[in-house]
Amino acid sequence: MTKRRARITGWGKYVPAKVLTNDDLAAMVDTSDEWITARTGIKERHVRTENDTTTSMAVQASLDALHVAGLNPEDLHLIIVANSSPDYLLPAPANFVQHALGASCPAFTIAAGCSGWVYALATAQQFIATGVYQNILVVGVEIISYALDYTDRTTCILFGDAAAAVIVQPSLDGEGVLAFELGSDGSQAHHLWVPGGGTVNPVSQKVVDQREHYIRMNGQEVFKFAVRKLTTCLRNITAQAGLTLDDLDLIIPHQANLRIIEAAAKHLDLSMDKFFINLHKYGNTSAASIPLALVEAIEEGRIHPGDTVGMVAFGSGLSWAGAVLKMGMPVASVLTHNGHARANA
Ligand code: UT7
């Protein structure tokens, strides 16, 4: 029986206008452009303006994705939003995004840190494979800057805000999600977490005074985990798809730290040319990282019709998630109003 796979037919992104450079951060904490560049590869990141909300950013990216796919919000059968920085603790962002888009379909949120969007894509693949839904919006959005302690140089230099979205629709001709792997190791949760503000340690004056409502990270432990998972997950998903690493035309790694990607490339004996990198412009945008890189790879012509793309995310959880996709859309000479390639042109 022919397998129904989730194929990407639309894509869009939204990046806030405000830029925070390494020099800007050096004026706030004891760091330097040299240190950040050498240790991470990041040069600047975007952070939300007063007009940006998690919902508004998701909606901007989603409208572009719908436009590229040639769909209207009312055509959507499901919305999945990957997010760990919601506008409100309740309800989760997907409901706000559904309402703001004017869609009337079900919507839910996946909170799996930086791995969230790949978890969401794998979830969308299940609804497509079973034939339950046809037109699914999969969004990754983060205003992670709200959870950053701008007195902590070990975390505030790494992250930025962004949104990116894709539309997936069924394909019966071998395009779409070929394989995926999802993983969790909760024994390492405390290496990347926000210790205050939840039910165990609710918001209080003490939580605020001790800055426990901000992200805390054991960078070295996360670094080792990231290199290990990027390496093993890429091997696993390509094997599961019946492919070798050489068969991948492009690899989209989570954009956390250039040194993590370089270490994995070395372990895998792959050229860095095979990896798409945009972290120098955005830093780590958490759940938006992989879709933002995917959208930019399409826009820059790094992905061609029929290409096979591998992607691996890792982060809070500690979690990881990878997928191999056969790209079906004709990458285009036909451009939409905003410069995006139009699907099915
Ligand atoms: O989605 C997953 C999210 N998280 C990650 O991917 C993070 C993974 N980890 C990392 O990317 C790296 O561990 C960091 C970039 C966070 C840190 O780089 P590192 O090479 O592991 O540095 P380190 O923690 O070993 O620190 C080396 C030195 C320390 O000083 P001493 O103790 O040697 O005097 C730090 O205090 O660098 C110092 N340092 C800094 N110096 C200038 C730490 N952060 C900074 C900074 N500017 N921003």
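The values are calculated or read from the model by the stated rules, or taken from the named source; none is laboratory data. Given the structure is predicted, the values throughout are model-derived calculations rather than measurements. We place every Cβ from the backbone using ideal geometry, glycine too, and count neighbours over all the protein chains shown. Only protein heavy atoms, including side chains, enter the accessible area calculation; ligands, DNA and RNA are left aside. Shrake-Rupley method; radii C 1.70, N 1.55, O 1.52, S 1.80 Å.
What residue, among those in region 188-209 that are over 28 Å from the mean Cα position of the chain (by Cα) and not in a loop (DSSP other than H, G, I, E, B), is surrounded by the most Cβ atoms within 10 Å (Cβ to Cβ)?
207
State yes or no: is residue 222 in contact with a Leu (Cβ under 6 Å, 6 or more places away or on another chain) and either in a helix (DSSP H, G or I) or hydroxyl-bearing (Ser, Thr, Tyr) (or both)?
Details: in contact with a Leu (Cβ under 6 Å, 6 or more places away or on another chain): yes; either in a helix (DSSP H, G or I) or hydroxyl-bearing (Ser, Thr, Tyr) (or both): yes.
Criteria met by residue 222.
When you go through (1) open to solvent by 60 Å² or more (accessible area, probe 1.4 Å); (2) out of contact with any Lys or Arg (no Cβ under 8 Å at 6 or more places or on another chain) one by one for residue 43, which number turns out not to apply?
All conditions pass for residue 43, except number (2).
Looking at region 46-55, is at least one residue within 16 Å of the ligand (Cβ to nearest atom), in contact with a Gly (Cβ under 7 Å, 6 or more places away or on another chain), outside any helix (DSSP H, G or I) and touching a residue at least 60 places away in the same chain (Cβ under 8 Å)?
Filtering region 46-55 down to residues within 16 Å of the ligand (Cβ to nearest atom) leaves none.
So far as region 46-55 goes, no, none of its residues is within 16 Å of the ligand (Cβ to nearest atom), in contact with a Gly (Cβ under 7 Å, 6 or more places away or on another chain), outside any helix (DSSP H, G or I) and touching a residue at least 60 places away in the same chain (Cβ under 8 Å).
Write out, first by first residue and then by second, each pair whose Cβ atoms fall under 7 Å of each other, whose residues are 6+ apart or on separate chains, and whose first residue, in region 233-245, is closer than 19 Å to residue 119 by Cα while the second is at pLDDT 95 or above and in a loop (DSSP other than H, G, I, E, B).
238/244; 238/248
Here is a list of conditions, (1) within 12 Å of the ligand (Cβ to nearest atom); (2) open to solvent by 20 Å² or more (accessible area, probe 1.4 Å); (3) not hydroxyl-bearing (Ser, Thr, Tyr), and residue 314 meets all of them except one; can you say which number that is?
Going through the list (1) within 12 Å of the ligand (Cβ to nearest atom); (2) open to solvent by 20 Å² or more (accessible area, probe 1.4 Å); (3) not hydroxyl-bearing (Ser, Thr, Tyr), residue 314 breaks only (2).
Is it the case that residue 7 is in contact with a Gly (Cβ under 7 Å, 6 or more places away or on another chain), among the basic types (Lys, Arg) and either open to solvent by less than 60 Å² (accessible area, probe 1.4 Å) or in the same structural domain as residue 86 (by TED's automatic domain parsing) (or both)? Show your work before the answer.
On the way: in contact with a Gly (Cβ under 7 Å, 6 or more places away or on another chain): yes; among the basic types (Lys, Arg): yes; either open to solvent by less than 60 Å² (accessible area, probe 1.4 Å) or in the same structural domain as residue 86 (by TED's automatic domain parsing) (or both): yes.
Yes: the conditions hold for residue 7.
Restricting the search to region 141-158, which residues are among the β-branched types (Val, Ile, Thr) and in a helix (DSSP H, G or I)?
Answer for region 141-158, where residues must be among the β-branched types (Val, Ile, Thr) and in a helix (DSSP H, G or I): just 144.
Please pick out the residue among 64, 30, 23 that is part of a helix (DSSP H, G or I), within 16 Å of the ligand (Cβ to nearest atom) and modelled with pLDDT of 95 or more. Step through it out loud before you land on a result.
Numbers: 64 fails: within 16 Å of the ligand (Cβ to nearest atom); 30 fails: part of a helix (DSSP H, G or I).
So the residue among 64, 30, 23 that is part of a helix (DSSP H, G or I), within 16 Å of the ligand (Cβ to nearest atom) and modelled with pLDDT of 95 or more is 23.
Give the residue that is farthest from residue 162 (Cα to Cα), with candidates limited to residues of region 67-80 that are assigned to a helix (DSSP H, G or I) and in contact (Cβ under 8 Å) with a residue 60 or more places away in the chain. Talk me through it step by step, then tell me what you get.
Within region 67-80, the subset assigned to a helix (DSSP H, G or I) is 67-69, 73-75.
If we keep only those that are in contact (Cβ under 8 Å) with a residue 60 or more places away in the chain too, we end up with 67-69, 75.
Details: 67: 19, 68: 19, 69: 21, 75: 25 Å.
The qualifying residue farthest from residue 162 (Cα to Cα) is 75.
Does region 278-294 contain any residue that is more than 13 Å from the chain's Cα centre (by Cα) and surrounded by fewer than 15 Cβ atoms within 10 Å (Cβ to Cβ)?
So the first thing to find is which residues in region 278-294 are more than 13 Å from the chain's Cα centre (by Cα), and the list is 280-281.
Cutting the leftovers down to surrounded by fewer than 15 Cβ atoms within 10 Å (Cβ to Cβ) gives us none.
Among the residues of region 278-294, not one is more than 13 Å from the chain's Cα centre (by Cα) and surrounded by fewer than 15 Cβ atoms within 10 Å (Cβ to Cβ), which makes the answer no.
Please verify whether region 82-92 includes one or more residues that are among the aliphatic types (A, V, I, L, M), in a helix (DSSP H, G or I) and in the same structural domain as residue 143 (by TED's automatic domain parsing). So that I can check it myself, show each step before the final result.
First pass over region 82-92, keeping only residues among the aliphatic types (A, V, I, L, M): 82, 89-90, 92.
Adding the requirement that they be in a helix (DSSP H, G or I) leaves none.
No, every residue in region 82-92 fails to be among the aliphatic types (A, V, I, L, M), in a helix (DSSP H, G or I) and in the same structural domain as residue 143 (by TED's automatic domain parsing).
Is it the case that region 153-176 has a residue that's open to solvent by 70 Å² or more (accessible area, probe 1.4 Å), within 16 Å of the ligand (Cβ to nearest atom) and assigned by TED's automatic domain parsing to the domain that holds residue 124?
First, the residues of region 153-176 that are open to solvent by 70 Å² or more (accessible area, probe 1.4 Å): 153-154, 172-173.
Now narrow it down to the ones that are within 16 Å of the ligand (Cβ to nearest atom): 153-154.
Those left that are additionally assigned by TED's automatic domain parsing to the domain that holds residue 124: 153-154.
Looking for residues that are open to solvent by 70 Å² or more (accessible area, probe 1.4 Å), within 16 Å of the ligand (Cβ to nearest atom) and assigned by TED's automatic domain parsing to the domain that holds residue 124, one finds at least one in region 153-176, hence yes.
State which residue pairs qualify: first residue without any contact (Cβ under 8 Å) to a residue 12 or more places away in the chain and inside region 23-39, second residue within 10 Å of the ligand (Cβ to nearest atom) and hydroxyl-bearing (Ser, Thr, Tyr) in any location, beta carbons under 6 Å apart, and separation of 6 or more residues or different chains.
26/32
State the number of residues belonging to region 305-314 that are farther than 16 Å from residue 246 by Cα and over 11 Å from the mean Cα position of the chain (by Cα).
1
For region 228-263, give me each residue that is of a type in the set (A, V, I, L, M, F, W, C), touching a strand residue (DSSP E or B) at 6+ places or on another chain (Cβ under 7 Å) and within 12 Å of the ligand (Cβ to nearest atom). First the steps, then the outcome.
Filtering region 228-263 for residues of a type in the set (A, V, I, L, M, F, W, C) gives 230, 233-234, 237, 239, 241, 243, 245, 248, 250-252, 256, 258, 260-261, 263.
If we keep only those that are touching a strand residue (DSSP E or B) at 6+ places or on another chain (Cβ under 7 Å) too, we end up with 230, 233-234, 237, 241, 243, 248, 250-252, 256, 261.
If the condition is that a residue be of a type in the set (A, V, I, L, M, F, W, C), touching a strand residue (DSSP E or B) at 6+ places or on another chain (Cβ under 7 Å) and within 12 Å of the ligand (Cβ to nearest atom), then 230, 256, 261 are the ones that fit.
Output the number of residues of region 125-149 satisfying the condition of being open to solvent by 60 Å² or more (accessible area, probe 1.4 Å) and under 25 Å from residue 30 (Cβ atoms).
Residues flagged as open to solvent by 60 Å² or more (accessible area, probe 1.4 Å) and under 25 Å from residue 30 (Cβ atoms) within region 125-149 amount to 1.
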